[in-house]
1. Tell me, which residue of segment 24-40 that is loosely packed, with under 14 Cβ neighbours inside 10 Å and under 16 Å from ASP113 (Cα atoms) is nearest to the chain's Cα centre (by Cα)?
2. Could you list, ordered by first residue, the pairs with Cβ atoms under 9 Å in which the first is in segment 1-22 and within 15 Å of SER43 (Cα to Cα) and in contact (Cβ under 8 Å) with a residue 24 or more places away in the chain and the second is surrounded by 13 or more Cβ atoms within 10 Å (Cβ to Cβ) and of a type in the set (Lys, Arg), at least 6 apart or interchain?
3. Out of all the residues in segment 106-133, which are in contact (Cβ under 8 Å) with a residue 60 or more places away in the chain and either touching a strand residue (DSSP E or B) at 6+ places or on another chain (Cβ under 7 Å) or buried (at least 17 other Cβ atoms within 10 Å of the Cβ) (or both)?
4. Output the residues belonging to segment 58-73 that are at pLDDT 85 or above and either over 20 Å from PRO150 (Cβ atoms) or exposed (fewer than 13 other Cβ atoms within 10 Å of the Cβ) (or both).
Amino acid sequence: MKWLVLLHVFTAIIGVGPTYFLHVLYRTRQSAGEFKHALRLGSLLDLFPKVGGSLSVISGIMLVAWSPVRFLDLWIIGSLLLYALIQIVIIGVVTPRQKQLRAILEQREELQDKDMLPGDIQASIASINNWLYLVSAMGIVLFILMILKPVL
């Protein structure tokens, strides 16, 4: 059981961790070339939440199934809901906006790699960052629920 707990904790960290790093990549004040590179790095980082998050959910369900904890405990329901919300925001909001920005950058032939990003792209990046801050906050609450395991 200790190995399963260890697997669960590590995969949770690996699964949620990259969302805290994306804020560094998606800065509004950078050149077009820097942002293109940031988008490439961001797409590479997407692998970690997909694999780590999935393994974390599977190992978490196994931990609950093999322990006296009930699936109806507040912290388990809250954790699963938060995880689902994080996935919905990332998959349904952030990823499509990233793809849209990538397409916009490819269409703007006049925008050179050394040029600073125009205002409309900066506004889109700021919007993505706002969603990422929401995801980061939900991730913190998720970790708090996992550590403190509050019950009613």
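1. Let us first name the residues in segment 24-40 that are loosely packed, with under 14 Cβ neighbours inside 10 Å, namely 24, 29, 40.
Within this subset, residues satisfying the condition of being under 16 Å from ASP113 (Cα atoms) are 29, 40.
Working: ARG29: 22, ARG40: 15 Å.
Going through the qualifying residues, I end up with ARG40.
2. GLY15/LYS50
3. LEU111, ASP113, LYS114, ASP115, MET116, LEU117, ILE121, ILE125, ILE128, ASN129, LEU132 - these are the residues of segment 106-133 that are in contact (Cβ under 8 Å) with a residue 60 or more places away in the chain and either touching a strand residue (DSSP E or B) at 6+ places or on another chain (Cβ under 7 Å) or buried (at least 17 other Cβ atoms within 10 Å of the Cβ) (or both).
4. ILE58, SER59, MET62, ALA65, TRP66
The values are calculated or read from the model by the stated rules, or taken from the named source; none is laboratory data. The model shown is predicted, which means the values in this text are computed figures rather than measured ones. Here Cβ is always computed from backbone atoms with ideal geometry, including for glycine, and neighbour counts include all displayed protein chains.
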